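Here the structure is laid out as structure tokens; the discussion comes afterwards.
The values are calculated or read from the model by the stated rules, or taken from the named source; none is laboratory data. What you see is a predicted model, and the numbers here were worked out from it, not measured in a lab. Cβ placement follows ideal geometry from the backbone for every residue including glycine, while neighbour counts extend to all protein chains displayed.
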Amino acid sequence: MTLIEPTDLKSALAREAQALGFDCIGVSDPAAIGEAGKHFHAFIEAGGHGDMDWLAARPERRADPRVLWPGVRSIIMLGVNYGPDENPLAILQQRRRGAISVYAQGDDYHDLIKKRLKTLARWLVATSGGEVKVFVDTAAVMEKPLAQAAGLGWQGKHTNLVSRELGSWLFLGAIFTTLDLPRDAADIDHCGSCRACLDVCPTNAFPAPYQLDARRCISYLTIESKGPIPREFRKAIGNRIYGCDDCLAVCPWNKFAQAGRETKLAARENLRAPALAELVRLDDAAFRALFAKSAVKRAGRDRFIRNVLIAIGNSQDAALAAEAERLLGDDSALVRGAAVWALSQLMPGDKFDSTAADNSRRETDDSVRAEWINAARS
């Protein structure tokens, strides 16, 4: 083992990180999370996390990294740019096609980044000893405030990280270590008076700047929410079938953004603007095949088809009504309920009333029966 002075070690670490494909790196003190811990507790107490019970579990671990691992002395934050090569908002005008969030159009970033973090962590241990733990989004770590403390950017009014060099498009990962490394200066807020991210939100998910109510967020509704999407948000969802990029895409700091250089994170051509008519026909096996190695697979087929049916209902294309009608007999009540709503938007009133009369009597699930009744009254 070769012992290196902390400053030299940090420089060598940055070079190694760049060689592995990381686009930025910084080091923060475990105590540097500051007021973010209090804000997180307030977020949970207000119920802003919705059904994401994993967020509310052991909140003290998120509020203070030293509770998660008492031995940690430095936190190395790293970012990988996944900037898109085209305007992610353009597809919102193509109502017969589905909009998938930029981050989910390529391979699942969790797998790719975790492998790189482990490689970098092994290099660090081999070079200077100490102990390490690596985290990518799935553990009780508040990556964004730690990234700000490490100088990678700042949390904008939409609560996401913004970089002056890379804009809105950064995947984050963390290496906790028992080594005492030189700290980077925290970044400061550069949002100024801008409200672009707040004003563009289709569902008014920001009750105030720097505050998010996940229960109103399209990303939450289309990815995390397990039940029917509340009726009040269905129209606003438009053709967004997995996530939403609106608040990220309108940020003025994206004028400095650049397309990501990692090919595995680049958009697959068949996920850039997939046709709703094709997606709605996916059974479980076809869904798994299409979204192999993709973050979309975590939603599961039924939730995904629910989203596609909402988009079909918003398409204004009566030709797609037949696809929704076909799914009135789907095994999933979640899918059947979404199909009812889609039909209510696309079928002429008299035809829908006739279809409702025939199907609501046969429906065995109370939630789907309620969809028929509500749709007929709207």
Selection within region 314-324 - free of Cβ contacts under 8 Å to residues at least 40 places away in the same chain and crowded, with 19+ Cβ neighbours inside 10 Å: Ala321
Yes or no: Gly300 in a helix (DSSP H, G or I) and touching a residue at least 60 places away in the same chain (Cβ under 8 Å)? no
Selection from region 40-98 of residues basic (Lys, Arg) and over 23 Å from Arg183 (Cβ atoms) yields Arg58, Arg95, Arg96, Arg97
Using the structure shown, decide if Ser101 is touching a Ser or Thr at 6+ places or on another chain (Cβ under 9 Å), of a type in the set (S, T, N, Q) and within 16 Å of Ala295 (Cα to Cα). yes
Scope region 31-58; condition closer than 21 Å to Ser163 by Cα and not acidic (Asp, Glu); matching residues: Ala32, Ile33, Gly34, Ala36
Selection within region 328-346 - crowded, with 23+ Cβ neighbours inside 10 Å, in contact (Cβ under 8 Å) with a residue 40 or more places away in the chain and of a type in the set (A, V, I, L, M, F, W, C): Ala338, Trp341
Residues being more than 21 Å from the chain's Cα centre (by Cα) and within 19 Å of Gln148 (Cβ to Cβ) - total across region 183-203: 11
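Results for (1) at pLDDT 95 or above; (2) more than 16 Å from the chain's Cα centre (by Cα); (3) aliphatic (A, V, I, L, M), shown as yes or no for each residue.
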| site | (1), (2), (3) |
| --- | --- |
| Ile237 | yes, no, yes |
| Val250 | yes, yes, yes |
| Ala257 | no, yes, yes |
| Gly260 | no, yes, no |
| Lys264 | no, yes, no |
| Ala267 | no, no, yes |
| Arg272 | yes, yes, no |
| Ala277 | yes, yes, yes |
| Val280 | yes, yes, yes |
Of all the residues that make up region 69-92, how many are under 20 Å from Asn270 (Cβ atoms) and either free of Cβ contacts under 8 Å to residues at least 24 places away in the same chain or not hydrophobic (A, V, I, L, M, F, W, C) (or both)? 7
Of all residues in region 245-272, count the ones that are over 16 Å from Leu170 (Cα atoms) and either of a type in the set (D, E, K, R) or crowded, with 17+ Cβ neighbours inside 10 Å (or both). 4
Give the residue that is surrounded by the most Cβ atoms within 10 Å (Cβ to Cβ), with candidates limited to residues of region 188-203 that are out of contact with any Phe, Trp or Tyr (no Cβ under 6 Å at 6 or more places or on another chain) and over 18 Å from Ile237 (Cα atoms). Cys191
Yes/no for Gly47 being surrounded by 13 or more Cβ atoms within 10 Å (Cβ to Cβ) and on the phi > 0 side of the Ramachandran plot: no
Tell me which residues, restricted to region 289-313, are more than 14 Å from Leu271 (Cα to Cα) and surrounded by fewer than 21 Cβ atoms within 10 Å (Cβ to Cβ). Arg298, Gly300, Arg301, Asp302
Sort out which residues of region 276-331 are among the acidic types (Asp, Glu) and within 21 Å of Lys226 (Cα to Cα), and write them in order of number. Asp283, Asp284, Asp302, Asp330, Asp331
Of the residues in region 8-35, those that are outside any loop (DSSP other than H, G, I, E, B) and surrounded by fewer than 19 Cβ atoms within 10 Å (Cβ to Cβ) number 12
Among the residues of region 219-241, how many are among the basic types (Lys, Arg), surrounded by fewer than 20 Cβ atoms within 10 Å (Cβ to Cβ) and assigned to a helix (DSSP H, G or I)? 2
Quick one: count up the residues across region 155-214 that are out of contact with any Lys or Arg (no Cβ under 8 Å at 6 or more places or on another chain), more than 26 Å from Asp111 (Cα to Cα) and not in a loop (DSSP other than H, G, I, E, B). 5
Across region 204-218, what is the total count of residues that are surrounded by fewer than 21 Cβ atoms within 10 Å (Cβ to Cβ) and either without any contact (Cβ under 8 Å) to a residue 40 or more places away in the chain or within 15 Å of the chain's Cα centre (by Cα) (or both)? 6
Looking at region 324-348, which of its residues are over 27 Å from the mean Cα position of the chain (by Cα), over 16 Å from Asn374 (Cβ atoms) and in a loop (DSSP other than H, G, I, E, B)? Asp330, Asp331, Pro348
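Can you name the residue in region 242-268 that is assigned to a helix (DSSP H, G or I) and of a type in the set (S, T, N, Q) and, of all such residues, is nearest to Ala214 (Cα to Cα)?
By that ranking, first place goes to Asn254.
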